[in-house]
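The values are calculated or read from the model by the stated rules, or taken from the named source; none is laboratory data. Quick caveat: nothing in here was measured; it's all calculated off a predicted structure. Because the Cβ atoms are built from the backbone with ideal geometry, glycine has one as well, and the counts that use them run over all protein chains shown.
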Amino acid sequence: MIWGPDIFILAILVVLAIAAVISRDLLVATVIFSGYSLLMAVAYVQLNSPDVGFTEAAVGAGVTTVLFILTIARTARMEEDGS
Amino acid sequence: MIIISCLPVIALLSPLIGGIIAYQAGKISETARDLISIVAAIVSFIVIVAMVPTILNGNTIEYSFYYTAISTLPIAFRVGPFPLFLGLVISFAWILSAVYSHRYMERLHSRNRFCLFMSLTLSAVIGTLFAKNMFALFIFFEITLFTSYVLVIHEETPEAMAAGKKYLFLGLATGLVMFFGILLVYLQVGTLDLGKRGILDGVHGNILYVILFTLLVGALFKAGMFPLHVWLHSAHPIAPSPASAVLSGVVVKEGCYVMIRILYDIFGVNLLKTMLVSNWLVLLGGLSIFFGSAMAIRQHDLKTMLAYSTVSKVGYIFLGAALLTPTGLQGAMVQIFHHLLAKSALFFCAGALIYKAGIRDIDQMAGIGKKMPITMMVFTIAALSMIGVPPLVGFASKWYIVLGALEAGRPLAIGFGLVLMLSSLMNAIYFIPIIINAFFTGESEHGEHKEVRPDDVPLSMAVPMVILAIGIIVFGVLSATTSVVVIKPTVNAMMGL
Amino acid sequence: MSESLFGEDVIVRTIARLVAPFIQLFGLYVLMHGHVSPGGGFQAGVIIASSFILLALALGLPESKERFKKTIRLPMESSGPLIFALIGVTCILAGGYYLQYGIAFLFPPAVVSAILISAVEIGIGITVLAMIVTIFYAMAGD
Amino acid sequence: MTWASHLPIIVVLIPLLTAYITPMLGWMDKRICNPLVIVSTSFAFIASLLLARSVLTRGVISYHMGGFAPPFGIALVVDYFGAYMCIVISFLTLMAAIYSREYIAKELHESKTAPYYTLLMLMTGGMMGASVTGDLFNMFVFFEILSISSYALVAITGKKVAILASYKYLLLGAIGTSFTLVGIAYLYILTGTLNMADLSVRLASLYGVGRSSWTLLVALAFFMVGYSIKAALFPLHTWLPDAHSMAPSSISAVLSGILIKVGALALIRVLFNIFQPEFVVETIPVTSMISWMAAVAIIVGSLFAISQVDLKRMLAYSSVAHIGFIILGVGLATGYGTTGGILHIFNHAMAKGCLFLCAGAIIYKTGLRNIDDLAGLGNKMPFTMAAFTIAALSMIGIPPTAGFISKFYLGLGALETGTWSGWVFIGAILLGSLLTAIFYMRVINNIYFKEPLHREDVQRDETPLGMLIPILILAGGCVIFGIFPRIPLSLAEPAAKLLLGI
């Protein structure tokens, strides 16, 4: 097992996750989340489960993102303060 | 023989089916409805009479649906002398009540429903009497509660609903306590059979007292014994008079019957004697006698007074049974028989007064004896029997109970023999003034019943009353004979002598 | 979303039109190789569905819907599981357990197994495709 | 292999296949949906009966999906309990399907007919599957199928309150689902298998072994919480009153009648099939804990029901109390008690199903939901109200109805434990029965013995025949199985004995 890429991927995953959480622009958060999913797919392949990686790439990075964006288009783009 | 073993089921089903048919017929013709319900009661009576020869030969009739209920607890029937004796009297009283209610009910609403539930109640009571085990007995016992509930609330007034609510929920609660006792018995000995004169022989310790208490709570509630009588004086008077008669005359006796079965067939005389509870039970009976009589004296409403009088009479039955002597039990049985006749007659009379003169209050009865002589004559005979005047049945029962108390030989039992005497005095205090007032006082100033014409109640109402009064006299005169022929063998069977 | 997200951008429209069949082809590849390599009915369904989503994004919803009508989607949604279940029943009829692919039925077990698994995967793919597109249309303002 | 050996999969397949065919046919002609569903549930019912017969004659049936022997493949294992549940589920669904024909035509928009029947069949398939499966993860999947379709069914009327109720149900249901998933994951980490029989063997060696026994307990806790939400056991029942009262009545009958019982089934499977009875009864007194919770559920559920004014809400709270009876019986873990709990699944399904269908009939005819407004209905709808009364008496446990028999068994079971807590439990059972009487007698008094406000209220206006038939069948069942309780007991008794290993 190659440790370097794994740790690199995990580190980026953590960074992306934090970025997605703190972003107040939901569209930005969605795009970051899409990238997160893509990296997750890579991580799954690394963990010897290409099937799950495949699904994650197609569903998590693809369809889910589109559905999120559609939702944002129908509601509001910016997270509101307080109330 | 197969037909004979089916007889208990037929006796049970004929009022059930008859009641349903009568309910449907009532939508077309009222007379047809009443005829059908009378016929159903008569069929039931005849079927029970048909069982007499077999029982007199010393056999019992059994019928079981072995594969219908839980395997060890079939819904089964067994008819012995005691159930048969009581079944005869009850179904006969029911015929009279059905005849009586034909005219009486014509001024009330929901007559079809009343007729249906009267029949259903008879059916459930017969089921209770003939049940072979405690499981089947409890089933019919609970059904009686619901069917009689409908009779209690028949008027649907707020007072009736309140009385019915008290009756139903206290009945359910005490029924559940009794259910708990049944579960305890079943788990202890694995049987609930009522034919063995004591099934709890192998059980020891405090659990016996728990079982006795829980089982008796259910039975004594239905019987209207002293601490559990709180429903009786509101529920019985509020029902229509034919229903009051069967509630006080029959449904209360069902409770007494169950109580006697519990004492003599679940526990058995020997076990109760070793448990040393007899004195306490006698004390309870004495309290009931005293309390019922005392409350009856205070009443102005005739039907409420009669209801309290029931509390007192149930005390006699319980006292007699709790003495655990053959003569005491004999007295209790005669008292059951006597009270069934007399209290039904008294409630019929009270109903006749309401029907004809519209009076419920004792103070309004002055001079009514001249206008309604038959009613008041019947009332007098029944009341004298209640007091215990010698040639009547009531005297015989008190006589046996006192003898039983002496036989028991305990100071306490003798003491309550004296309470019996005291209570006769109290009975006299509340019955005699009514009679004197009705016959020997002129009509009062207010003239509450001026419009009553001097003819008596319709024939269909008078006949049942008169039959009951004749019964009181005849069986009183023949009490020695009937005791030897009917009661004594029954008692011996119960006591295992 | 009555019209395309990208307005009348010719490049996007053209590229989307060109790419869509290839995505679908790739989806079919994933579908047919599901039983020997990573992939399968579910992934293939999502991939093919994404081609329709792409068309919707580039060309606008009406045009995309024109290519994939409701009258087609509705039977597709329920026919997938039906295929799945019926193939299971076929296995029973052929004398095996439910979904027991490796049975000799006209062909040797290995061949039957390959055929049946592919059929099941096709069924799954059809349903996933139709469902995801339906969800997308519903959210985009059906 | 005879065709009969395929019955375990057939009972699951029939409703699921119908669920897939229904939307296609419904798309062509909406009127086909109802006969199709009735026919297929009838077949499912017959298949369940055959399955039960086959289980009774041949013992536990194990069916290997795809021909892979367990623990590698997914196995369907039908024991007495599973067969029993299949009968209850298909029977009540059949009744609901017959009832739906006329009820749905009025209650729901025409465009929702096909989705309604599809979801109903999916839910049935999920329940059947959860009853017969022998695989923990497979059970999870079936639970998802039935839960998701029930979320949709609660909201199908499209009213705002219904959607809110459904949302609440969905949130709690999702929490329950994730809890069970975590539990499954823990067990898989510990043992590397998901087959129930295999799990029970492998877990037996782990009881009380260092850290793994802690993991075991955590897994058990997750299962308990997760499936208690599905079964609406007392502190986790909060979704039930809204969901069951807002759904269409035919669905309420299925939800209250059997769906929560499938949650109870899952609890039973986890307690007695995966963990050994000795473990959950003696080592860790889980059963005693859930018995206490169930006893509280009986009392609190009944008290809540007493305070309701809406008929369907009252019935829903009554379900909270009666799931308490079922779980109490299971938790007693004695022969009589568990038999009583399992028997009560059937008896309560019939009675509560009948009550909800009657409530639906009242709403269908008069639009009334308030208990105080029901005066005069005894004359207006005599047959429906007679059925209502019989079912209510069965709920109270009045002889000779079926409820009395389950009360009898539960009471014996509580006493059989021989501990002081057994006396508390029997107190809860009896008090619960009395409290049940309070709120059902209030309805009955209102129906029969109260003067109606308007004269036209007493005009004879009976429920349509198509809706009346299932109501009467269920009410008749309440009486018949009270007089002949050996019919359900012939399955319930061996089921309890097999589960407890006695």
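Listing for the model above:
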| quantity | calculated |
| --- | --- |
| Positions within region D:208-232 being more than 30 Å from D:A297 (Cα to Cα) and either surrounded by 15 or more Cβ atoms within 10 Å (Cβ to Cβ) or modelled with pLDDT of 85 or more (or both), in sequence order | D:S212 |
| Residue check for D:A414: surrounded by 23 or more Cβ atoms within 10 Å (Cβ to Cβ), within 12 Å of chain B (Cβ to nearest Cβ) and touching a residue at least 40 places away in the same chain (Cβ under 8 Å) | yes |
| Residue among B:L187, B:L120 that is touching a residue at least 40 places away in the same chain (Cβ under 8 Å) and in a helix (DSSP H, G or I) | B:L120 |
| Residue among D:I429, D:I471, D:I480, D:I447 that alone is within 12 Å of chain B (Cβ to nearest Cβ), hydrophobic (A, V, I, L, M, F, W, C) and over 24 Å from D:A295 (Cβ atoms) | D:I480 |
| Residues of region B:327-374 satisfying the condition of being in contact with a strand residue (DSSP E or B) (Cβ under 9 Å, 6 or more places away or on another chain) and either acidic (D, E) or buried (at least 24 other Cβ atoms within 10 Å of the Cβ) (or both) | B:D361 |
| Elements of type helices (runs of 4 or more DSSP H) contained in region C:52-142, each with 3 or more residues being surrounded by fewer than 17 Cβ atoms within 10 Å (Cβ to Cβ) and more than 13 Å from chain D (Cβ to nearest Cβ) | C:61-67, C:109-141 |
| Hits in region A:32-75 (condition: more than 8 Å from every other protein chain (Cβ to nearest Cβ), free of Cβ contacts under 8 Å to residues at least 12 places away in the same chain and over 25 Å from C:S37 (Cα atoms)) | A:T75 |
| Test: residue in region D:356-369 that is farther than 19 Å from D:M95 by Cα and crowded, with 24+ Cβ neighbours inside 10 Å | no |
| Some residue of region B:110-123 being on the phi > 0 side of the Ramachandran plot and not acidic (D, E) | yes |
| Within region B:1-106, helices (runs of 4 or more DSSP H) holding 1 or more residues that are out of contact with any Phe, Trp or Tyr (no Cβ under 9 Å at 6 or more places or on another chain) and of a type in the set (S, T, Y) | B:2-25, B:30-50, B:52-56 |
| Residue tally, condition part of a helix (DSSP H, G or I), more than 10 Å from chain C (Cβ to nearest Cβ) and surrounded by fewer than 17 Cβ atoms within 10 Å (Cβ to Cβ), over region D:1-27 | 1 |
| Some residue of region D:46-58 being at the interface with chain C (Cβ under 10 Å from one of its Cβ atoms) and surrounded by fewer than 16 Cβ atoms within 10 Å (Cβ to Cβ) | no |
| Residues of region B:295-322 satisfying the condition of being over 15 Å from B:V334 (Cα atoms) and over 15 Å from the mean Cα position of the chain (by Cα) | B:M295, B:A296, B:I297, B:R298, B:Q299, B:H300, B:D301, B:L302, B:K303, B:T304, B:M305 |
| Region D:363-407, residues that are away from chain B (no Cβ under 14 Å), outside any helix (DSSP H, G or I) and under 17 Å from D:I438 (Cα atoms) | D:N370, D:L374 |
| Residue satisfying condition, being in contact (Cβ under 8 Å) with a residue 12 or more places away in the chain, part of a loop (DSSP other than H, G, I, E, B) and not polar (S, T, N, Q), within set D:L472, D:L499, D:L453 | D:L453 |
| Residue list for region B:96-115, filter: free of Cβ contacts under 8 Å to residues at least 60 places away in the same chain and within 21 Å of the chain's Cα centre (by Cα) | none |
| Hits in region B:277-330 - residues which are more than 15 Å from B:H229 (Cα to Cα) and β-branched (V, I, T) | B:V277, B:V282, B:I297, B:T325, B:T327 |
| Residue within region B:64-75 that is more than 10 Å from chain D (Cβ to nearest Cβ) and surrounded by 24 or more Cβ atoms within 10 Å (Cβ to Cβ) present | no |
